[in-house]
Amino acid sequence: MTEEPATTPALVPTGCDYPSPDITVWYDARRCRHAAECVRGAPDVFQVGRKPRILPELADASVVAEVVRRCPTGALHYRRADGTGEAAQTPTTLEFRSDGAIWIRGDLRLESPDGSIIAERRAALCGCGQSANGPFCDAACIRPPAGITDA
Ligand code: SF4
Ligand code: FES
């Protein structure tokens, strides 16, 4: 995937920001399905349980950007220090998951329950109706039912 000026269209990352001199990464825990693409892709940069959990300066910015783009849910975003961000994938693709989620990539305009329009490049959309963070999957579909705990 290539890169483009972050000013068009208006992509607004959500979640916590993790700045470094060359690239800033955002992580929105409400959209993470724990697929671990980030941890596998750049284990020094992305570490669950460490504070801060993301240290972008521990890898080249182009590597960090590439790993962020692997995140299927849009829980991760980035912006390079030169103002460039993520270009849209063409054509748009949809992947229907067995748990109900729909993974989508493209030049997206998503309507939230309050009617606002969200510009996106990647998202896991909720198709099961359980998410408290619509239109996005919040991983409710893959959590064990209440009362069931790991033995
Ligand atoms: S959903 Fe994204 S942020 Fe969450 S573990 Fe997977 S790749 Fe990382
Ligand atoms: S599809 Fe995951 S919470 Fe609905």
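Readers should treat all values here as calculations from the given coordinates under stated rules, not as data from a laboratory. Keep in mind the model is a prediction, meaning the values are calculated, not measured. Heads up, the Cβs are rebuilt from the backbone with ideal geometry, glycines too, and the neighbour counts pull from every protein chain shown.
So which strands (runs of 3 or more DSSP E) stay within region 76-151 end to end and still have 3 or more residues that are touching a residue at least 60 places away in the same chain (Cβ under 8 Å)? Where strands (runs of 3 or more DSSP E) fall fully within region 76-151 and carry at least 3 residues being touching a residue at least 60 places away in the same chain (Cβ under 8 Å), they are 76-80, 84-86, 117-125.
Quick one: in region 127-146, of everything that is hydrophobic (A, V, I, L, M, F, W, C) and within 16 Å of ligand 1 (Cβ to nearest atom), which residue is nearest to Leu108 (Cα to Cα)? Before the answer, list the steps.
Looking only at region 127-146, we keep the residues that are hydrophobic (A, V, I, L, M, F, W, C), and these are 128, 132, 136-137, 139-142, 146.
Narrowing further to those that are within 16 Å of ligand 1 (Cβ to nearest atom): 136-137, 139-142.
Details: Phe136: 13, Cys137: 16, Ala139: 21, Ala140: 23, Cys141: 23, Ile142: 25 Å.
Ranking the candidates gives Phe136 first.
Of all residues in region 13-44, how many are within 9 Å of ligand 1 (Cβ to nearest atom) and part of a helix (DSSP H, G or I)?
Our first condition is that a residue be within 9 Å of ligand 1 (Cβ to nearest atom); within region 13-44, this holds for 27-29, 31-41.
Now restrict to residues that are part of a helix (DSSP H, G or I): 29, 31, 37-41.
Residues meeting the conditions: 7.
Examine region 69-91 for a residue that is exposed (fewer than 13 other Cβ atoms within 10 Å of the Cβ), within 16 Å of ligand 2 (Cβ to nearest atom), hydrophobic (A, V, I, L, M, F, W, C) and under 27 Å from Gly129 (Cβ atoms), and state whether such a residue exists. So far as region 69-91 goes, no, none of its residues is exposed (fewer than 13 other Cβ atoms within 10 Å of the Cβ), within 16 Å of ligand 2 (Cβ to nearest atom), hydrophobic (A, V, I, L, M, F, W, C) and under 27 Å from Gly129 (Cβ atoms).
How about region 100-119: which of its residues are within 19 Å of Ala132 (Cα to Cα) and surrounded by fewer than 14 Cβ atoms within 10 Å (Cβ to Cβ)? Scanning region 100-119 gives Glu111, Ser112, Pro113, Asp114, Gly115, Ser116, Ile117. On inspection, Gly85 qualifies as more than 16 Å from ligand 1 (Cβ to nearest atom), closer than 17 Å to Asp28 by Cβ and touching a His at 6+ places or on another chain (Cβ under 9 Å).
When region 6-28 is filtered for residues that are of a type in the set (A, V, I, L, M) and surrounded by 13 or more Cβ atoms within 10 Å (Cβ to Cβ), the ones remaining, listed by number, are Ala6, Leu11, Ile23, Val25.
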